[in-house]
1. Do the conditions hold for residue 32, that is, is it at pLDDT below 95, more than 20 Å from residue 146 (Cα to Cα) and in contact with a helix residue (DSSP H, G or I) (Cβ under 9 Å, 6 or more places away or on another chain)?
2. Inside the range 121-136, can you point out the residues that are touching a residue at least 12 places away in the same chain (Cβ under 8 Å), farther than 18 Å from residue 76 by Cα and not in a strand (DSSP E or B)?
3. Step by step: first the residues of the range 56-80, then only those that are surrounded by fewer than 17 Cβ atoms within 10 Å (Cβ to Cβ) and at pLDDT 95 or above, then the one that is farthest from residue 43 (Cα to Cα). Which residue is that?
4. Can you name every residue in the range 31-71 that is part of a loop (DSSP other than H, G, I, E, B), within 17 Å of residue 115 (Cβ to Cβ) and within 17 Å of the chain's Cα centre (by Cα)?
5. Quickly run through the range 72-90 and pick out the residues that are farther than 16 Å from residue 37 by Cβ, part of a strand (DSSP E or B) and over 11 Å from the mean Cα position of the chain (by Cα).
6. Which residues, taken from the range 95-111, are free of Cβ contacts under 8 Å to residues at least 40 places away in the same chain, surrounded by fewer than 19 Cβ atoms within 10 Å (Cβ to Cβ) and within 16 Å of residue 130 (Cα to Cα)?
7. Can you name every residue in the range 91-100 that is over 16 Å from the mean Cα position of the chain (by Cα) and assigned to a strand (DSSP E or B)?
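The values are calculated or read from the model by the stated rules, or taken from the named source; none is laboratory data. Predicted model only: the values in this text are computed from it and were never measured. Neighbour counts are summed over all protein chains in view; Cβ atoms, including those assigned to glycine, are modelled from backbone coordinates with ideal geometry.
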């Protein structure tokens with residue numbers, strides 16, 4: 001539980017620390033997006049489901065328009081109430097449909113089971129889909145679903161299905 005508290009404190013420092021650059025940000029276009037999310041890790045496994053909290057960063061200066069849509073790199077981390085952790089980096093696409101955003105992503109990362117579910121390998125792959133609604137002041141509220149899997153790299157590959165509620169803010 002101490003690890004969970006320490007991680008949450010670090011996340012808060014990252015979010016609050018970004019506010020200290022407010023003057024510089026006012027001079028530049030808002031190019032950084034933070035996504036704070038919470039939800040249920042592995043909701044489909046009643047024996048191992050657990051609440052989760054996570055943080056994700058996207059730098060819009062690195063966006064690229066491609067034939068697949070607008071792609072950008074993302075980096076983030078999540079922790080469960082059972083002290084399972086997942087640190088990841090990957091790519092997401094963004095598709096605008098009026099005030100709605102459809103955002104699929106793929107992120108390889110490192111997983112540590114802590115006291116939670118054994119997913120079979122340290123290297124796991126997260127496939128996610130997020131639907132979010134544009135709000136005033138450069139923010140969004142959304143819902144996302146993801147699946148973690150080791151792509152059969154380990155001796156077992158039980159996978160984990162999770163859902164999250166997301167709050168996204170551009171700075």
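1. Judged against the criteria, residue 32 is a match.
2. Of everything in the range 121-136, just one residue is touching a residue at least 12 places away in the same chain (Cβ under 8 Å), farther than 18 Å from residue 76 by Cα and not in a strand (DSSP E or B), namely 121.
3. Ranking the candidates gives 73 first.
4. Selection gives 42 alone.
5. 72, 73
6. If the condition is that a residue be free of Cβ contacts under 8 Å to residues at least 40 places away in the same chain, surrounded by fewer than 19 Cβ atoms within 10 Å (Cβ to Cβ) and within 16 Å of residue 130 (Cα to Cα), then 95, 96, 97, 98, 99, 100, 102, 104, 106 are the ones that fit.
7. Of the range 91-100, the ones over 16 Å from the mean Cα position of the chain (by Cα) are 95-100.
Correct list: 95, 96, 97, 100.
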